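The values are calculated or read from the model by the stated rules, or taken from the named source; none is laboratory data. No experiment lies behind these values; they were computed from the predicted model shown. Methodologically, a virtual Cβ is constructed for each residue, glycine included, from the backbone with ideal geometry; neighbour enumeration extends over all protein chains shown.
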Amino acid sequence: MSLTNAGGSPQCRILAIETSCDETAAAVVADGRHILSNRVASQIELHRRFGGVYPEVASRQHVLAIQTVVEEALADASVAHVRELDAIAVTNGPGLAGSLLVGVNLAKGLAYASGLPLIPVNHLEGHIYSNWLYTDSLPAAGSPDPGESHGPAGGSASDSARKQRGGSASEQFPALILIVSGGHTELVLMEGHCRYRLLGATLDDAAGEAFDKVARLLELGYPGGPAIQAAAESGDAGRFHLPRPLTRPGRRTEPQPQAFSLPTVLPVHGEHRFNFSFSGLKTAVLNLMRQLEREGTDARQTQTAADIATAFQMAVVDVLVGKTADAAEFGVKQVCICGGVSANGLLRRAAEQHFAKIGLPLHCPPLFLCTDNAAMIAAAAYYRQSYAPVRQSSPTGREHRQDAEAAAQATPHDRPSEPPARDFLALDVYASLPLVDSIQR
Ligand code: ADP
Ligand code: MG
């Protein structure tokens with residue numbers, strides 16, 4: 001599929017829609033990097049009283065909000081009609097089925113009515129490409145060429161990271177990506193645009209999920225990540241110590257000047273050193289609270305809760321930065337952190353300190369692009385269509401029905417040994433499926 005604009009405009013403008021969880025979002029992005037508009041209608045207030053996302057409420061709210069959000073995103077970008085755009089992108093997973101369905105249905109309708117191509121986007125790939133978006137605070141230098149001449153837009157303050165923006169593809173890759181969100185914690189080796197190898201993932205809770213659950217235990221409020229961070233600001237870092245699950249004891253070795261070669265098989269099951277586990281840490285918090293109660297201390301008292309929040313945040317950040325630092329020894333050219341937890345101030349500072357010390361460029365998205373948004377979906381769509389285009393289909397899925405009919409009529413001898421291709425717009429509702437698995441399904 002060509003993404004050149006029919007009107008001859010030098011820019012390729014994509015409207016993206018994101019409704020995978022509890023944010024109704026729409027954005028228009030030019031050439032995969034320039035944000036022309038970025039609207040997010042958050043449902044936080046709606047879910048606060050449940051202490052977490054209530055799926056049915058989320059999907060109903062998406063239905064109420066989506067049309068306004070899309071219209072506002074188009075108006076902000078001065079797009080009078082969808083036909084002026086080059087493509088429509090939509091998150092088709094991983095996420096909540098009812099929520100995804102709202103965005104996908106609207107995107108299909110818009111594509112059908114306008115005749116524009118429809119690009120399905122993996123939500124996690126969206127988070128990765130949040131690091132490639134330009135932001136207002138940074139000059140939008142560069143050619144429209146997708147990524148060959150530019151590295152990620154640095155949200156971090158490090159100078160070396162900003163310089164990397166001018167790097168060639170060979171200077172950018174391999175890149176190490178840490179995805180940390182409410183549903184995922186993954187270390188991914190990005191070998192080129194849209195090419196990934198999973199190094200490790202959480203065996204149980206995601207980092208953001210652990211923040212949310214611990215905040216609920218401490219009654220700090222919802223969403224848990226920002227609540228823990230705020231409480232930890234007045235916490236005593238020396239009062240409690242919590243475990244660092246699946247880490248090796250002792251000091252980390254000094255970084256090696258030569259790149260290690262990757263082992264051929266990296267198990268993502270069990271206690272592999274790049275895997276994570278956060279559910280035990282949550283239990284450790286619960287045990288600590290019970291111990292304090294037995295001793296007559298109210299664990300939810302403001303100062304005690306702040307001290308526990310501090311110990312918890314330090315443990316999570318230690319694990320995340322430690323494992324990312326270890327994985328960065330595979331000769332990577334840069335490190336990118338993304339997903340909702342990448343908004344965490346301690347994580348950003350600790351990562352920046354470590355990677356500045358070893359001279360490796362680090363990128364974190366600006367805060368407004370850390371949590372779910374549609375600009376990152378448009379960016380991922382642009383790079384995916386440029387580097388790994390998916391097989392096209394009409395928004396009605398008619399070609400796929402024909403495929404299925406042809407397959408059904410074929411004799412056993414005619415039948416291909418490969419199973420028929422999955423509908424490219426099929427929802428991916430396996431919410432915790434790792435990036436690499438969900439892209440290859
Ligand atoms: P999803 O998992 O649906 O993709 P996001 O990528 O928006 O959602 O991430 C949401 C998660 O990020 C939540 O678990 C939230 O607690 C966490 N989070 C947001 N801000 C912070 C923060 N400052 N510190 C730690 N966690 C945070
Ligand atoms: Mg997300």
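General observations
- Filter pass, LEU360 being within 30 Å of GLY322 (Cβ to Cβ) and modelled with pLDDT of 80 or more: yes
- Criterion applied to GLN67, GLN11 was being in a loop (DSSP other than H, G, I, E, B), on the phi < 0 side of the Ramachandran plot and away from ligand 1 (no atom under 14 Å from the Cβ), and the one residue passing it is GLN11.
Listed here are the residues, each with its yes/no results for (1) among the β-branched types (Val, Ile, Thr); (2) under 24 Å from ALA80 (Cβ atoms); (3) touching a residue at least 24 places away in the same chain (Cβ under 8 Å).
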residue: CYS12; (1), (2), (3): no, yes, yes
residue: ALA26; (1), (2), (3): no, yes, yes
residue: ASN38; (1), (2), (3): no, yes, yes
residue: ILE44; (1), (2), (3): yes, no, yes
residue: ARG48; (1), (2), (3): no, no, yes
residue: TYR54; (1), (2), (3): no, no, no
residue: GLN61; (1), (2), (3): no, no, yes
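- Residues in the stretch 260-288 that are at pLDDT below 65 and either aromatic (Phe, Trp, Tyr) or more than 27 Å from the chain's Cα centre (by Cα) (or both): PHE260 alone.
- Residue pairs meeting the criteria (Cβ under 9 Å; at least 6 apart or on separate chains; first without any contact (Cβ under 8 Å) to a residue 60 or more places away in the chain, in the stretch 311-325; second outside any helix (DSSP H, G or I)): VAL317/ASN344; VAL321/LEU178
- Flag if ASP86 is at pLDDT 95 or above, more than 16 Å from ligand 2 (Cβ to nearest atom) and either in contact with a Cys (Cβ under 7 Å, 6 or more places away or on another chain) or in the same structural domain as GLY359 (by TED's automatic domain parsing) (or both): yes
- Looking at THR304, THR297, just one residue is part of a helix (DSSP H, G or I) and among the β-branched types (Val, Ile, Thr), and that residue is THR304.
- Any hit, the stretch 20-38, residues being among the hydroxyl-bearing types (Ser, Thr, Tyr), within 11 Å of ligand 1 (Cβ to nearest atom) and modelled with pLDDT of 95 or more: yes
- Scanning the stretch 356-367 for residues that are buried (at least 24 other Cβ atoms within 10 Å of the Cβ) and closer than 28 Å to PRO94 by Cβ gives LEU362, HIS363, CYS364, PRO365.
- When the residues of the stretch 16-40 are filtered to those that are closer than 15 Å to ALA381 by Cα and of a type in the set (Val, Ile, Thr), the one that is surrounded by the most Cβ atoms within 10 Å (Cβ to Cβ) is VAL29.
- Failed item, numbered, when ALA87 is tested on (1) at negative phi; (2) touching a helix residue (DSSP H, G or I) at 6+ places or on another chain (Cβ under 6 Å): (2)
- One residue alone among ALA113, ALA80 is free of Cβ contacts under 8 Å to residues at least 40 places away in the same chain, surrounded by fewer than 19 Cβ atoms within 10 Å (Cβ to Cβ), assigned to a loop (DSSP other than H, G, I, E, B) and not β-branched (Val, Ile, Thr), and that residue is ALA80.
- For the stretch 220-234, taking the residues that are assigned to a helix (DSSP H, G or I) and away from ligand 2 (no atom under 16 Å from the Cβ), the one that is surrounded by the fewest Cβ atoms within 10 Å (Cβ to Cβ) is identified as ALA230.
- Of all residues making up the stretch 341-354, the number that are surrounded by 24 or more Cβ atoms within 10 Å (Cβ to Cβ) and farther than 18 Å from GLY200 by Cβ: 1
- Checking each residue in the stretch 91-108 for being over 16 Å from VAL69 (Cα atoms) and either touching a Phe, Trp or Tyr at 6+ places or on another chain (Cβ under 6 Å) or buried (at least 22 other Cβ atoms within 10 Å of the Cβ) (or both) picks out ASN92, GLY93, PRO94, GLY95, LEU96.
- Contacts under 6 angstrom Cβ, first residue in the stretch 195-216 being within 14 Å of ALA315 (Cβ to Cβ), partner small (Gly, Ala, Ser) and crowded, with 24+ Cβ neighbours inside 10 Å, 6 or more apart: PHE211/GLY224; PHE211/GLY225
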